[in-house]
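The values are calculated or read from the model by the stated rules, or taken from the named source; none is laboratory data. Bear in mind the structure is a predicted one, so any value in this text is a computation, not a measurement. With ideal geometry, Cβ positions are generated from the backbone for all residues, glycine too; neighbour counts draw on all protein chains shown.
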Amino acid sequence: MIRLSDGGAYLLNGMTLTDTCDTPKEEAKKNTMAYRILQAHNVSGNTEELQIKFDKLTSHDITFVGIIQTARASGLEKFPIPYVLTNCHNSLCAVGGTINEDDHMFGLTCAKKYGGIYVPPHQAVIHQFAREMLSGAGKMILGSDSHTRYGALGTMAMGEGGPELVKQLLNRTYDIKMPEVVAVYLTGSPKEGVGPQDVALAIIGAVFANGYVKNKVMEFVGPGVASLSADFRIGIDVMTTETTCLSSIWQTDETIREYYAIHGREEAYEKLEPGDAAYYDGVIEVDLGSIDPMIAMPFHPSNTYTIDEVNANLKDILADVEKRALVSLDGQVDYSLQDKIVDGKLYVEQGIIAGCAGGGFENICAAADILNGTSIGEGAFTLSVYPASTPIYMELIKNGCAAKLLETGAILKTAFCGPCFGAGDTPANNAFSIRHSTRNFPNREGSKLQNKQIASVALMDARSIAATARNKGFLTSAVNTLEAVKLQKYKYFFDASIYKNRVFDSHGKADPETQIRFGPNIKDWPEMEALPENLVLKVVSEIHDPVTTTDELIPSGETSSYRSNPMGLAEFTLSRKDPAYVGLAKEIRAVEEARVRGEEPCKVNPSIKPVMEQIRKEFPDASSKNCGFGSTIFAVKPGDGSAREQAASCQKVLGGWANIANEYATKRYRSNLINWGMLPFVIAEGDLPFTNRQFLFIPHIRKAVTGKLDQIPAYAVGDEGLKEFTLRLGDLTDTEREIILKGCLINYYRG
């Protein structure tokens, strides 16, 4: 059972929920763990307008090149706090020639030059290394990956786009309003065979669509916390990203103390708990004992059912997925799941247990026990298991679980994030994959819509994936398998020597004499113009999906190899959603480039002439001297998913000046737009006052940003003149306004 409160509530002594309390609400809000940690890291002196300085930073090999390049262009001399560069995304070096290993060598030499930490490929996925070696109770970590979540260990962590890490590297701050805090009140204990992904999916299914925790902090409390192991808590916590919350934090206890002790860092432990009377802006009540094995059907982690529901209503649920796919896939491919029904049961072709969500020690041990002594069969079904770190891998070898898995026909691989974003184990066309990983967006598993390929991913817990593998690929709940299985309790022993022998740690000491190694694909950011007085924008894409993911804005998978090349990566922008986008954006970018050179824009693109003629009828002073030309896109709700800054920066380098949306799916994406000098416009829901390919005129936009206007008049340019409508910018800090005015974060720091 999961129940959402209609309003706020008090939590007394960490155990009892109540609507009334003698402690005033505003005072009791200060008794949450989230409030205390945020204020301990706030340097603004204002308890509502926060300026946060983090304790540590972490990135991986498809984000750290762009971050360091941005910071270098902005004056970086030394990493001011511990910064870990992990290599777990492009670690296979399978595409792009030398590109990926060139990026790794860039990372290693930068760690030496600026005083960082470098984790070589296959040693650990970014978040497992952070849990094992970086986390600390009461600390804050910022990462350039959306699943930066270490709340189960008492660490408030946030995933953001690269520019937010650049700010920290330059001794600046992360600026936010004090977020609301929602209690996740746990009671009971999970059934045998139910794992952390089951609990996480149940919560995501309850809160995603209604935005219950959007941009808020989820604080896990209640008597049920004590029933969960550290690994179990971590498995729930990492998936809180899929709720669109800002961050998470859990109360800590002896279980977490033991986790730190096992990893040789007991000094990092601190007991965290709410004050005697803490007030929360909302409450999610979760009866752990009522959760059954879950499945998130394509194409979103919130499309949740129990596995028993799917098996009982197979045709109806598959038909609903197909109906949703008509929207997500825009009818670009023939998509059907009906052929997955074999003898009345759902047959899947692939199982994956991997990454920061699935690759934990307890998940893999449980899978090994469920599969022990059986076979996955010689049919189409395959099973791949990726331990999240080499220390976990080593312990699986020592305790025999690795052998149990390998004997079944499963494959055990090294620490790698590829299956989570489409750079490994891409299924066959029209295949169905079940994964204990983070996301199941369209084509995220690596298929290419532009090549008429599509595969489906459903999210499940490792235990039920193993039960399905035991059943030769027919969808099976782990709970329904346990009469034939005994799950053991395995003690984990962490071998610190693995990292000591291989990880480079500068211990904060920079070596300015180190020469950075640049591969031929590593390029500097192109020059970007300041915001002009007026804007003439062409709408070059219009997306009406209920939600647009960052995967759809800039695809993952093999394109990740080009993230160290801004212009090279930009060629893939919207390629799976709107293949015409790049060409149209380039056309209007060429107009702006000509204007900057002092040429007449109409000579570059004759279609500009009638547009300017219509504009001058009402704004006679408008000219190429005071009007900038660029592109914009409209999307209903863009930015769900990854923290990748490239979803915004690729639009910017192609000449984008703005996005127009009904709302933004995440703070991360809106922040990325701002940091790349793009206006995050919002327009009221309803009929759009413009169409795709139409020009828009936004007069006095620079003055509007400077003057902190929220309501901004804009005009759709048509053959019959200008049609006025209103855009909104929403809340912007003074710094954010200055970044937009100067054209991007790099320009802002250059002065």
> Restricting attention to the range 42-61, which residues are over 23 Å from the mean Cα position of the chain (by Cα) and either buried (at least 17 other Cβ atoms within 10 Å of the Cβ) or among the β-branched types (Val, Ile, Thr) (or both)?
Replying inline: 42, 43, 47
> Only one of (1) surrounded by fewer than 17 Cβ atoms within 10 Å (Cβ to Cβ); (2) among the aliphatic types (A, V, I, L, M); (3) not in a helix (DSSP H, G or I) fails for residue 327. Which number is that?
Replying inline: (3)
>> Just checking, does the range 184-195 include any residue being crowded, with 23+ Cβ neighbours inside 10 Å, closer than 15 Å to residue 5 by Cα and among the hydroxyl-bearing types (Ser, Thr, Tyr)?
In response: yes
>> For the range 137-169, give me each residue that is farther than 18 Å from residue 218 by Cβ and touching a Leu at 6+ places or on another chain (Cβ under 8 Å).
In response: 144, 163, 164, 165, 166, 167, 168, 169
>> Filter the range 1-50 down to the residues that are outside any helix (DSSP H, G or I) and in contact with a helix residue (DSSP H, G or I) (Cβ under 7 Å, 6 or more places away or on another chain) and list them by number.
In response: 1, 2, 4, 10, 15, 21, 47, 50
> Does the range 304-319 include one or more residues that are in contact with a helix residue (DSSP H, G or I) (Cβ under 7 Å, 6 or more places away or on another chain), more than 30 Å from residue 249 (Cα to Cα), among the β-branched types (Val, Ile, Thr) and not in a helix (DSSP H, G or I)?
Replying inline: no
> In the range 595-611, which residues are under 23 Å from residue 720 (Cβ atoms) and touching a Phe, Trp or Tyr at 6+ places or on another chain (Cβ under 9 Å)?
Replying inline: 601, 605, 607, 608, 611
> Somewhere in the range 393-410, is a residue within 20 Å of the chain's Cα centre (by Cα) and either assigned to a helix (DSSP H, G or I) or in the same structural domain as residue 92 (by TED's automatic domain parsing) (or both)?
Replying inline: no
> Which one of these does residue 421 not meet: (1) surrounded by fewer than 24 Cβ atoms within 10 Å (Cβ to Cβ); (2) farther than 18 Å from residue 461 by Cβ?
Replying inline: (1)
> Out of the range 124-136, which residues are under 18 Å from residue 53 (Cβ atoms) and not in a helix (DSSP H, G or I)?
Replying inline: 135, 136
>> Suppose we keep only residues that are in a loop (DSSP other than H, G, I, E, B) and charged (D, E, K, R) within the range 411-459. Which one would you say is farthest from residue 333 (Cα to Cα)?
In response: 413
> Filter the range 374-429 for residues that are acidic (Asp, Glu) and at pLDDT 95 or above; which is nearest to residue 363 (Cα to Cα)?
Replying inline: 395
> Out of all the residues in the range 482-489, is one or more farther than 26 Å from residue 87 by Cα, part of a loop (DSSP other than H, G, I, E, B), of a type in the set (A, V, I, L, M, F, W, C) and at pLDDT below 90?
Replying inline: yes
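For (1) under 25 Å from the mean Cα position of the chain (by Cα); (2) not charged (D, E, K, R), each residue gets a yes or a no:
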site: 10; (1), (2): no, yes
site: 26; (1), (2): no, no
site: 63; (1), (2): yes, yes
site: 73; (1), (2): no, yes
site: 86; (1), (2): yes, yes
site: 91; (1), (2): yes, yes
site: 95; (1), (2): yes, yes
> Do you know which of the residues in the range 500-526 that are among the charged types (D, E, K, R) and at pLDDT below 95 is surrounded by the most Cβ atoms within 10 Å (Cβ to Cβ)?
Replying inline: 523
>> Out of 342, 286, 310, 321, I need the residue that is assigned by TED's automatic domain parsing to the domain that holds residue 195 and out of contact with any His (no Cβ under 7 Å at 6 or more places or on another chain). Which one?
In response: 286
>> Of the conditions (1) closer than 30 Å to residue 400 by Cα; (2) assigned to a helix (DSSP H, G or I), residue 380 satisfies every one except a single condition; which number is it?
In response: (2)
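Yes or no, residue by residue, for (1) within 19 Å of the chain's Cα centre (by Cα); (2) in the same structural domain as residue 67 (by TED's automatic domain parsing); (3) farther than 30 Å from residue 731 by Cβ; (4) small (Gly, Ala, Ser):
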residue	(1), (2), (3), (4)
587	no, no, yes, no
607	no, no, yes, yes
615	no, no, no, no
644	yes, no, no, no
664	yes, no, no, no
> Is there a residue in the range 706-714 that is under 21 Å from residue 635 (Cβ atoms), out of contact with any Asp or Glu (no Cβ under 6 Å at 6 or more places or on another chain) and assigned to a loop (DSSP other than H, G, I, E, B)?
Replying inline: yes
> Picking from 58, 20, which residue would you name as being touching a strand residue (DSSP E or B) at 6+ places or on another chain (Cβ under 6 Å), of a type outside the set (Lys, Arg) and not assigned by TED's automatic domain parsing to the domain that holds residue 355?
Replying inline: 58
> Consider residue 121 against the criteria (1) closer than 26 Å to residue 437 by Cα; (2) of a type outside the set (A, V, I, L, M); (3) outside any loop (DSSP other than H, G, I, E, B): it satisfies all of them except one. Which criterion is unmet?
Replying inline: (3)
>> Just the residues that are part of a loop (DSSP other than H, G, I, E, B) and in contact with a helix residue (DSSP H, G or I) (Cβ under 8 Å, 6 or more places away or on another chain), please, taken from the range 686-705.
In response: 693
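Residue-wise test of (1) at pLDDT below 95; (2) crowded, with 18+ Cβ neighbours inside 10 Å; (3) β-branched (Val, Ile, Thr).
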site: 674; (1), (2), (3): no, yes, yes
site: 679; (1), (2), (3): no, yes, no
site: 697; (1), (2), (3): no, yes, no
site: 701; (1), (2), (3): no, yes, yes
site: 713; (1), (2), (3): no, no, no
site: 718; (1), (2), (3): yes, no, no
site: 724; (1), (2), (3): no, no, no
> Out of the residues in the range 97-128 that are at pLDDT below 95 and among the β-branched types (Val, Ile, Thr), which is farthest from the chain's Cα centre (by Cα)?
Replying inline: 98
